[in-house]
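Asker: Handing you a structure now.
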Amino acid sequence: MQLNQSSDYAIRCMLYLADHHGFSSSQEICEAVPIGREYAHKLLRKMRDGELVVSEVGKDGGYALAREPSEISLLDIVLLTEDSMQVSRRLECPPIRDLSSRLEQNLLRFYQVFQDKLETALGRITLENLLDGNVEE
């Protein structure tokens, strides 16, 4: 699995906000990441709709984290930006064929274990961990 570009940029935007307390303008975020303004607005709207950031209009407005960096995981961000987090299509929809074969069942079990480990790892790493360089969680 490879994270899409939107996930990468969203994590970068969120990391910037975690490192800069208070509100940051979209221009500041765009220059720091770097990312195009429209693309940043699209991603930050997703983060706002997902209640990870808050936004305010006006001279001192912009975007800020809605929660502490220790309370926002990479999984929170990725779930808002990826179309699917499933490592296999087999986990997304009912199997096309009968899963009565031992090998098919073993394969499906492997996919589920892999999926669980991926989600657990992303859920354990927070923005605070990334700020501190502590990604061995």
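The values are calculated or read from the model by the stated rules, or taken from the named source; none is laboratory data. If you're wondering where the values come from, they're calculated on a predicted model, not measured in any experiment. Because the Cβ atoms are built from the backbone with ideal geometry, glycine has one as well, and the counts that use them run over all protein chains shown.
Asker: For region 34-68, enumerate the residues that are assigned to a loop (DSSP other than H, G, I, E, B) and either among the polar types (S, T, N, Q) or modelled with pLDDT of 90 or more (or both).
Answerer: Of everything in region 34-68, those that are assigned to a loop (DSSP other than H, G, I, E, B) and either among the polar types (S, T, N, Q) or modelled with pLDDT of 90 or more (or both) turn out to be Pro34, Ile35, Gly36, Gly50, Glu51, Leu52, Ala66, Arg67, Glu68.
Asker: Restricting region 1-40 to residues that are more than 23 Å from Arg67 (Cα to Cα) and of a type in the set (S, T, N, Q), which is surrounded by the fewest Cβ atoms within 10 Å (Cβ to Cβ)?
Answerer: By that ranking, first place goes to Gln2.
Asker: I'm trying to understand the selection: among the residues of region 29-55, which are among the charged types (D, E, K, R) and either on the phi > 0 side of the Ramachandran plot or touching a strand residue (DSSP E or B) at 6+ places or on another chain (Cβ under 7 Å) (or both)?
Answerer: Listed by number, the residues that qualify are Arg48, Glu51.
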